[in-house]
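Peer 1: Can you keep this structure in mind? I'll have questions shortly.
The values are calculated or read from the model by the stated rules, or taken from the named source; none is laboratory data. Only a predicted model underlies this, so the values are computations on that prediction, with no experimental measurement involved. Don't worry about glycine lacking a Cβ; one is built from the backbone with ideal geometry, like all the others, and counts go over all protein chains shown.
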Ligand SMILES: [Zn+2]
């Protein structure tokens with residue numbers, strides 16, 4: 001895939017002027033990221049940032065001997081954005097959750113471009129704000145809402161980031177990401193399937209009724225979207 005094609009769906013790049021986006025893309029390389037690949041570990045220097053095209057990357061934090069998901073990044077943003085805060089190391093594990101293409105830029109180039117471009121800095125600040133919103137929403141959702149609601153929210157967020165009605169998420173992976181038992185995932189997914197909201201077979205999920213899924217979600221999904229949408233106004 002060409003750099004221009006890989007950049008065509010990334011919302012952060014699309015929010016820049018054509019000239020700025022082209023300049024930034026000239027510093028990037030298109031890369032294929034495979035599900036299961038760890039891009040960076042906590043406490044390790046961030047060597048590259050990634051602008052996802054059609055892949056999705058989970059941000060995970062260790063909780064004892066398991067990893068809890070605290071964020072999900074896709075074509076709406078950027079992985080490695082915390083470099084803009086002047087912190088050279090990652091606070092989270094960056095795990096490719098859905099295979100696909102992204103644009104890779106070295107950390108040195110990213111820092112250099114940030115200093116030169118106020119519009120880029122503004123977009124990165126906005127992206128970091130939406131990440132904070134997402135993490136706050138995840139924390140409150142995990143505390144107060146049902147497993148079913150959390151599963152629905154996770155499916156909606158994934159669909160929005162990969163721009164597809166179909167994606168792979170195994171029950172075991174979902175249980176680990178949501179910090180719940182696999183049996184709970186099976187039960188919640190089964191209720192969604194019986195209501196014809198999703199099709200779920202051997203880890204392959206198809207969203208059948210997006211509107212119905214939104215109606216089945218807790219308040220967290222529209223709340224997160226509204227606050228993100230208002231951030232730059
Ligand atoms: Zn919730």
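Peer 1: Can you confirm whether segment 84-101 contains a residue that is in contact with a helix residue (DSSP H, G or I) (Cβ under 6 Å, 6 or more places away or on another chain), assigned by TED's automatic domain parsing to the domain that holds residue 49 and in a helix (DSSP H, G or I)?
Peer 2: Yes, some residue in segment 84-101 is in contact with a helix residue (DSSP H, G or I) (Cβ under 6 Å, 6 or more places away or on another chain), assigned by TED's automatic domain parsing to the domain that holds residue 49 and in a helix (DSSP H, G or I).
Peer 1: I've got another one for you. Among the residues of segment 188-199, are any within 18 Å of residue 59 (Cβ to Cβ), within 16 Å of the ligand (Cβ to nearest atom) and not in a strand (DSSP E or B)?
Peer 2: Quick first cut of segment 188-199, residues within 18 Å of residue 59 (Cβ to Cβ) only: none.
There is no residue in segment 188-199 that is within 18 Å of residue 59 (Cβ to Cβ), within 16 Å of the ligand (Cβ to nearest atom) and not in a strand (DSSP E or B).
Peer 1: Moving to a separate point now. For segment 37-64, which positions are at positive phi and at pLDDT below 90? Don't jump to the end; show me each part of the working.
Peer 2: Within segment 37-64, the subset at positive phi is 43, 64.
Result: 64, single match.
Peer 1: On to the next question. Filter segment 107-146 down to the residues that are over 20 Å from the mean Cα position of the chain (by Cα) and either within 16 Å of the ligand (Cβ to nearest atom) or in contact (Cβ under 8 Å) with a residue 12 or more places away in the chain (or both) and list them by number. First the steps, then the outcome.
Peer 2: Kept after step one, since they are over 20 Å from the mean Cα position of the chain (by Cα), are these residues of segment 107-146: 108-109, 111-119, 143-146.
Matches in segment 107-146: 109, 111, 113, 114, 117, 119, 143, 144, 145, 146.
Peer 1: Before we move on, is residue 227 modelled with pLDDT under 85 and either over 20 Å from residue 75 (Cβ atoms) or not in a loop (DSSP other than H, G, I, E, B) (or both)?
Peer 2: Working: modelled with pLDDT under 85: yes; either over 20 Å from residue 75 (Cβ atoms) or not in a loop (DSSP other than H, G, I, E, B) (or both): yes.
Spelling it out, residue 227 is indeed modelled with pLDDT under 85 and either over 20 Å from residue 75 (Cβ atoms) or not in a loop (DSSP other than H, G, I, E, B) (or both).
Peer 1: Look through 69, 76 and report the one residue that is part of a loop (DSSP other than H, G, I, E, B) and modelled with pLDDT under 90. Even if it seems obvious, please write down each step before you answer.
Peer 2: Working: 69 fails: part of a loop (DSSP other than H, G, I, E, B).
The match here is 76.
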